[in-house]
Amino acid sequence: MSKRLVTLVVDPVSCDGHGVCAELFPERITLDPWGFPLISGEAIPHHLLDHAHRAAESCPRLALALLERRVSG
Amino acid sequence: MNGRATIDAPPTPRQSRVEADRVPRLLAGSDAPGSTVGLDQHWRRWGPLPRGIDSSFIDELDRSGLRGHGGAWFPVGTKWRSVRRSLTRRPVVVANGAEGEPASGKDLLLLTQRPHLVLDGATVAARTIGASRVILHVSAAAREPVARAVHERDRRGCETVPVEIVVAPDRFVAGQESAVVATINDRRPGLPTFTGVSPVRERGVDGRPTLVQNVETLAHVALIARFGAAWFRGVGTPESPGTALLTVTGRWSEPRILETPLGARLGDALGFPPHEVHRVQGVLLGGFGGGWMPTERALAMPLTEEVARAQGTSIGAGVVVLLPQGTCPLAEVSRVVTYLEAEGAGQCGPCVNGLSGLSRLMSLLASHPAALGDGLASIPVLCDLVEGRGACRHPDGVTRFVRTALQVFGEHAAAHLRHGPCAITGPPFLPLPSPHRLRRTTGMSR
């Protein structure tokens, strides 16, 4: 059996700190004192995947990506 | 293969036995200081590079336990295996000798004095992973000597794949793996890129799978290819076998580069007289991306990456600096943090803002400690905020440098806070490029 693990990653070079992601996905994204996203590294549960996708698609710099890994077990 | 002849051996190979426990290895020989070992001399010393190296050499690398000497100490066999070969996209090998660290000189030494060890290692890498190109990414000072060595090999028909030379931009982060690829691809040269989604091993030079390996690591590979994993393990520890090159500042009147078995006590490697411990305020291991250690503990530690990490530092690229008495360690640290801030690529918001803050706080601690409202408390908070948030490891190196400085020079910092900056006004000690070479990064603060 393998499990699908989805996490969010930000490309810090592209990110300009617009902050849209933190508004759309506050469950996993907060902002640092300079307005750049702090992203929780834990896997995103199924019921939050829609929020994650919306946050990634709404980033004006396309700096946010969902990373998918398969983990056995 | 591209149809060129492969002649590895000199006309009369005369390979004497090379004892496994003899050190130095890479720097062996009694050449006049500064002299270059040419191809014939290289062959006389080490014998020819064996023919028939193929992908099975990765297993030999695994057995050797060789780890990357560029600073990350990642297992080399594992790294080579991760560079996937495919029929349509043959990989690229990059020998990385950018050496942006001001206190390091070992890569330049190898490239200028033992270039054929590095080139042999790159050739072995290309054959093992099936690469179609070898690129030597070197500092400007190494370009001419390396070009001569490549020419020498071309004349003798040593190379089966084209070897190119690319000069690294002169900046601290230019040796970071993704920055190396950016330079070679001529896209924002010397600046790291985000590789979290597609790593360099999958998409690097020209979008091809790319192996970026430090030149010292490749020099070790050249010897493992000849003498094998068991020979390589003849010195060192089970986890950290072999030798390492160290660039040592503060032990002698001039910096020196030496080769030591891994696992040797640092004090022994430096031949440091125990009764002179009091002359040293602290030891910087791993350079400006490494960390500080108390002198006695540093000199007593067995030199391996495992031990260094357990002590909160790293061997990094083998930089060792002994900070003498008579300098203010906080002023030294502040100078370096200001340099490191300016040397950042200026691309990632958290790094730009965080390093700017750290530079300001360390400068206050050194010169105007009374202006630090909450004492030292805000410094580790800022370190926490910066760590792991850049496209490259530059911010993480700076925080380690700062955190360990506050631990090792904690009493000195407390004295600054109580009594003001100290009166020590010796000349600056930690090696930095001259100020005119310092760049300002493009601002990105909000």
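Once phi is turned into θ = phi - 60°, what whole-Hz ³J(HN,Hα) does the Karplus curve with 6.51, -1.76 and 1.60 give for every residue of segment B:271-279, x standing for Gly and Pro?
Here the 3J(HN,Hα) series is x, 7, x, x, 6, 9, 4, 5, 7 Hz.
Under a 5 Å amide H to amide H cut-off, with H placed in plane at 1.01 Å, what residues pair with B:G316 once short-range neighbours are removed?
When sequence neighbours closer than 5 places are left aside, there are no close amide H contacts.
Hey, with R₀ at 22 Å, roughly what FRET efficiency would B:A20 and B:E306 work out to, going by the Cβ-Cβ distance, to 0.05? Let's see the in-between values first.
Details: r = 22 Å, r/R0 = 1.00.
That pair, B:A20 with B:E306, gives E of 0.50.
Seen from all sides and averaged, what is the projected area of the convex hull of the Cα atoms in segment B:180-323, in nm²?
Mean projected area of the Cα convex hull: 10.8 nm².
Just counting partner chain Cβ atoms within 10 Å, what average do the residues of peptide B:317-330 show around their Cβ?
Values: counts 0, 0, 0, 0, 0, 0, 0, 0, 0, 0, 0, 0, 0, 0.
The shielding value for this peptide is 0.
Please list the non-local residues whose amide H lies under 5 Å from the amide H of B:I135, H modeled 1.01 Å from N, same-chain partners needing a gap of 5 or more.
The list, which skips near neighbours in sequence, is B:V93, B:V94, B:A95, B:E164.
Mean shadow of chain B, computed from the convex hull of its alpha carbons, in nm²?
On the way: hull surface 85.7 nm².
Approximately 21.4 nm², given one-decimal rounding.
Evaluate the charge dipole of chain B about its Cα centre and quote only its size in Debye, nearest 20, assuming +1 on the Cβ of each Lys and Arg and -1 on the Cβ of each Asp and Glu. Walk me through the intermediate numbers first.
Numbers: 50 positive and 40 negative charges, 194 e Å.
The calculation lands at about 920 debye.
Going by amide H atoms built from the backbone, whose H comes under 5 Å of the H on B:N214, apart from near neighbours?
Excluding prolines and chain starts, which carry no amide H, the hits are B:H69, B:G70, B:N96.
Pick from B:A147, B:A317, B:A308 the residue whose mean-square fluctuation is largest in a GNM of chain B, springs joining Cα atoms under 10 Å.
Largest GNM mean-square fluctuation: B:A147.
Once you've got the GNM for chain B with C-alpha springs shorter than 10 Å, pick whichever of B:L218, B:L266, B:L284 has the biggest mean-square fluctuation.
Highest fluctuation among the options: B:L266.
For the protein assembly as shown, what's the radius of gyration and Dmax over Cα atoms, in angstrom?
For the protein assembly as shown, the Cα-based Rg and Dmax read 24.0, 74 Å.
Can you give the extra length, in nm with one decimal, that the chain gains between B:R203 and B:A72 once fully stretched, where that is 0.36 nm per residue apart less the Cα-Cα distance? Numbers along the way, then the final one.
On the way: separation 131, 0.36 × 131 = 47.16 nm, distance 2.00 nm.
Net length gain for the segment: 45.2 nm.
Grab the Cα-Cα distance for B:V381 and B:C422, subtract it from 0.36 nm times how many residues apart they are, and report the gain in nm with one decimal. Before the final figure, lay out each step's value.
Working: separation 41, 0.36 × 41 = 14.76 nm, distance 2.52 nm.
Difference between extended and current length: 12.2 nm.
Chain A: Rg/Rh from Cα coordinates, Kirkwood Rh? Could you put the intermediate results ahead of the total?
Working: Rg = 12.4 Å, Rh = 12.5 Å.
For chain A, the value is 0.99.
Values quoted throughout were computed directly from the atomic coordinates according to the rules given, and no laboratory measurement underlies them. Bear in mind the structure is a predicted one, so any value in this text is a computation, not a measurement. Every residue, glycine among them, receives a Cβ derived from its backbone with ideal geometry; neighbour counts consider all protein chains shown.
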